[in-house]
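The values are calculated or read from the model by the stated rules, or taken from the named source; none is laboratory data. Worth saying up front: this structure is predicted, and the values here are computed from it rather than measured. Backbone-built Cβ (ideal geometry, glycine too); neighbour counts: all protein chains shown.
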Amino acid sequence: MEATTLITLQWSDWWQLFQHFIGLSMLSVGGAISTLPEMHRFLVEQHHWLSEAQFTASVAIAQAAPGPNVLFIALLGWNIGVNAGGYLTGMLGVLICMFGILLPSTSLTYLAAGWLGRNAGMPAVRAFKQGLAPIVIALLIATGWIMASAHPAGEWHLWLVTMVASILIWRTRIHMLWLIFAGALLGWFGFI
Amino acid sequence: MSAQHSSPRSPLDLFVSFTLIALQGFGGVLAIVQREIVEKKCWLTPEEFVEEWAVAQIMPGPNVVNLSLMIGARHFGLRGALAALAGMLVLPLLIVLLLGILYTEFAHHPGVVGAMRGMGAVAAGLIIATGLKMFAGLAHNPLGKALSGFFGVACFAGIALFHVSLPIVLLGLGLPACILVYRKLRLSR
């Protein structure tokens with residue numbers, strides 16, 4: 001990662017870190033990424049536990065790596081911990097941040113899903129799930145659209161890659177890893 | 001695609017399945033979940049998948065993590081939920097940490113920068129395609145084609161083109177859509 005910043009963390013600081021993520025967990029409707037601005041304000045601007053470069057790199061690496069994007073929070077925790085000492089405090093940072101961001105939301109989802117499952121026949125439950133269905137599908141397409149819009153202006157070949165990839169996945173049974181690999185190769189050799 | 005329904009054999013099966021799904025998920029795991037769980041393993045029908053996704057998305061927390069937890073819980077309760085959750089997170093977490101450590105060395109290599117751009121462009125396409133495929137799950141929706149289409153287009157326009165915030169879109173479109181479905185269900189009784 002970028003040049004390590006040295007910080008000292010007291011137990012009260014670790015506790016504050018845990019509380020921060022516990023609080024954000026319940027606000028993270030639409031995914032943990034939606035609370036990104038608040039994390040940045042707290043971790044980088046207010047407490048200086050992370051450098052700007054470490055924050056940005058954490059998000060970028062988690063996006064490029066396999067697995068759910070929420071793992072950027074593990075990297076944030078890792079960097080905070082490494083800044084505060086070494087790999088051992090790094091692991092502590094990972095655990096504190098991941099448990100903080102996941103414990104409240106997953107508990108709530110587990111309870112809610114159980115309740116919805118037991119009352120699946122209720123008209124209100126059916127209406128809730130089926131009413132939202134077209135909206136969450138459109139939300140997904142909008143997310144892809146926004147990701148594609150992050151391509152710098154005038155980079156039409158990136159748009160072309162996005163379009164071809166979506167048509168191939170939509171219409172054929174080609175394995176997605178081949179497309180990701182092809183995208184990486186095209187990028188590596190500077191074609192896009 | 002076969003219509004038959006199948007289910008995971010054990011929590012271990014869930015753990016392994018979700019680990020493999022997560023490891024294939026570059027830039028968005030949902031596309032892989034949809035293909036593996038609906039098209040290959042048939043643990044959920046397209047309709048069930050859309051409905052589970054609606055709940056997973058509306059709840060706070062990472063959507064695809066919520067989804068895996070719910071699929072696990074459907075079959076083996078708390079044990080299943082934890083197994084699916086662990087599958088989704090444990091191995092990918094270790095890989096991400098490893099990449100984080102390696103990143104220092106290669107962050108500015110032009111090939112790496114380009115490859116990440118290329119992967120990002122493909123990942124955007126995967127997500128769009130997953131959304132397009134999920135339209136199959138609307139076939140029997142009580143809203144009907146025209147209204148489903150209206151809510152879908154309005155939501156896309158709000159989020160993608162006019163950058164309206166998510167809570168406002170969910171309240172402004174989700175609430176009326178749910179009320180409409182509720183009334184249709186009531187009338188059809």
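I need the full set of residues from the range B:109-149 which are more than 7 Å from chain A (Cβ to nearest Cβ) and not in a helix (DSSP H, G or I), in order please.
Listed by number, the residues that qualify are B:H109, B:A139, B:H140.
Of the residues B:A154, B:A129, B:A146, which single one is in contact with a Ser or Thr (Cβ under 8 Å, 6 or more places away or on another chain) and at pLDDT 90 or above?
Details: B:A154 fails: in contact with a Ser or Thr (Cβ under 8 Å, 6 or more places away or on another chain); B:A146 fails: in contact with a Ser or Thr (Cβ under 8 Å, 6 or more places away or on another chain).
Testing whether each residue is in contact with a Ser or Thr (Cβ under 8 Å, 6 or more places away or on another chain) and at pLDDT 90 or above leaves just B:A129.
Which of the residues belonging to the range A:41-77 are in contact with a helix residue (DSSP H, G or I) (Cβ under 8 Å, 6 or more places away or on another chain), modelled with pLDDT under 90 and part of a helix (DSSP H, G or I)?
Hits for the range A:41-77 are A:E52, A:Q54, A:F55, A:A57, A:S58, A:V59, A:A60, A:I61, A:A62, A:Q63, A:A64, A:N69.
Does the range B:114-137 contain at least one residue that is in contact with a His (Cβ under 7 Å, 6 or more places away or on another chain), farther than 20 Å from A:F55 by Cβ and not aromatic (F, W, Y)? Give the steps one after another, and end with the answer.
Let us first name the residues in the range B:114-137 that are in contact with a His (Cβ under 7 Å, 6 or more places away or on another chain), namely B:121.
After this cut, where a residue has to be farther than 20 Å from A:F55 by Cβ as well, the list is B:121.
Applying the additional criterion that residues be not aromatic (F, W, Y) yields B:121.
Checking the range B:114-137: at least one residue is in contact with a His (Cβ under 7 Å, 6 or more places away or on another chain), farther than 20 Å from A:F55 by Cβ and not aromatic (F, W, Y).
Give me a count of the residues in the range A:135-190 that are closer than 27 Å to B:L170 by Cα, polar (S, T, N, Q) and either surrounded by fewer than 21 Cβ atoms within 10 Å (Cβ to Cβ) or in contact with a Ser or Thr (Cβ under 6 Å, 6 or more places away or on another chain) (or both).
Of the residues in the range A:135-190, 1 are closer than 27 Å to B:L170 by Cα, polar (S, T, N, Q) and either surrounded by fewer than 21 Cβ atoms within 10 Å (Cβ to Cβ) or in contact with a Ser or Thr (Cβ under 6 Å, 6 or more places away or on another chain) (or both).
Yes or no: the range B:160-172 includes at least one residue that is of a type in the set (F, W, Y), more than 16 Å from the chain's Cα centre (by Cα) and within 7 Å of chain A (Cβ to nearest Cβ). Spell out how you get there, then give the answer.
Of the residues in the range B:160-172, the ones of a type in the set (F, W, Y) are B:162.
Those left that are additionally more than 16 Å from the chain's Cα centre (by Cα): B:162.
Remaining after also requiring within 7 Å of chain A (Cβ to nearest Cβ): none.
No, the range B:160-172 contains no residue that is of a type in the set (F, W, Y), more than 16 Å from the chain's Cα centre (by Cα) and within 7 Å of chain A (Cβ to nearest Cβ).
Looking at (1) surrounded by 20 or more Cβ atoms within 10 Å (Cβ to Cβ); (2) in a helix (DSSP H, G or I), which is the one condition that is false for B:L44?
(2)
For the range B:57-84, give me the residue count where each residue is facing chain A (nearest Cβ under 7 Å) and among the hydrophobic types (A, V, I, L, M, F, W, C).
Residues that pass the stated criteria total 8.
Quick check on my filter: what residues within the range A:146-169 are under 13 Å from B:L126 (Cβ atoms) and under 24 Å from the mean Cα position of the chain (by Cα)?
As a first pass, look at the range A:146-169 and keep what is under 13 Å from B:L126 (Cβ atoms): A:147-148, A:161-169.
Residues satisfying the conditions are A:M147, A:A148, A:V161, A:T162, A:M163, A:A165, A:S166, A:I169.
Residues that are more than 7 Å from every other protein chain (Cβ to nearest Cβ) and either in contact (Cβ under 8 Å) with a residue 12 or more places away in the chain or on the phi > 0 side of the Ramachandran plot (or both): list the helices (runs of 4 or more DSSP H) wholly contained in the range A:85-177 that include at least 1 such residues.
Working: elements: A:87-118, A:123-149, A:156-171.
It comes to A:87-118, A:156-171.
So which of B:L20, B:L98, B:L82 is surrounded by 15 or more Cβ atoms within 10 Å (Cβ to Cβ) and not basic (K, R)?
On the way: B:L20 fails: surrounded by 15 or more Cβ atoms within 10 Å (Cβ to Cβ); B:L98 fails: surrounded by 15 or more Cβ atoms within 10 Å (Cβ to Cβ).
Step by step, each of B:L20, B:L98, B:L82 is checked, and only B:L82 is surrounded by 15 or more Cβ atoms within 10 Å (Cβ to Cβ) and not basic (K, R).
With respect to the numbered conditions (1) over 14 Å from B:I101 (Cα atoms); (2) of a type outside the set (A, V, I, L, M); (3) exposed (fewer than 15 other Cβ atoms within 10 Å of the Cβ); (4) modelled with pLDDT under 95, which one is the sole condition not fulfilled by A:S107?
Of everything listed in (1) over 14 Å from B:I101 (Cα atoms); (2) of a type outside the set (A, V, I, L, M); (3) exposed (fewer than 15 other Cβ atoms within 10 Å of the Cβ); (4) modelled with pLDDT under 95, A:S107 misses just condition (4).
Do we have B:V153 as touching a Pro at 6+ places or on another chain (Cβ under 7 Å), free of Cβ contacts under 8 Å to residues at least 40 places away in the same chain and either farther than 30 Å from B:K184 by Cα or part of a helix (DSSP H, G or I) (or both) here?
On the way: touching a Pro at 6+ places or on another chain (Cβ under 7 Å): no; free of Cβ contacts under 8 Å to residues at least 40 places away in the same chain: yes; either farther than 30 Å from B:K184 by Cα or part of a helix (DSSP H, G or I) (or both): yes.
Criteria not met by B:V153.
When the residues of the range A:19-40 are filtered to those that are among the aliphatic types (A, V, I, L, M) and either touching a residue at least 60 places away in the same chain (Cβ under 8 Å) or in a helix (DSSP H, G or I) (or both), which remaining residue is surrounded by the most Cβ atoms within 10 Å (Cβ to Cβ)? Walk me through how you get there before you give the answer.
Narrowing the range A:19-40 to residues among the aliphatic types (A, V, I, L, M): A:22, A:24, A:26-27, A:29, A:32-33, A:36, A:39.
Applying the additional criterion that residues be either touching a residue at least 60 places away in the same chain (Cβ under 8 Å) or in a helix (DSSP H, G or I) (or both) yields A:22, A:24, A:26-27, A:32-33, A:36, A:39.
Numbers: A:I22: 17, A:L24: 23, A:M26: 14, A:L27: 14, A:A32: 26, A:I33: 18, A:L36: 16, A:M39: 23.
Top of the filtered list is A:A32.
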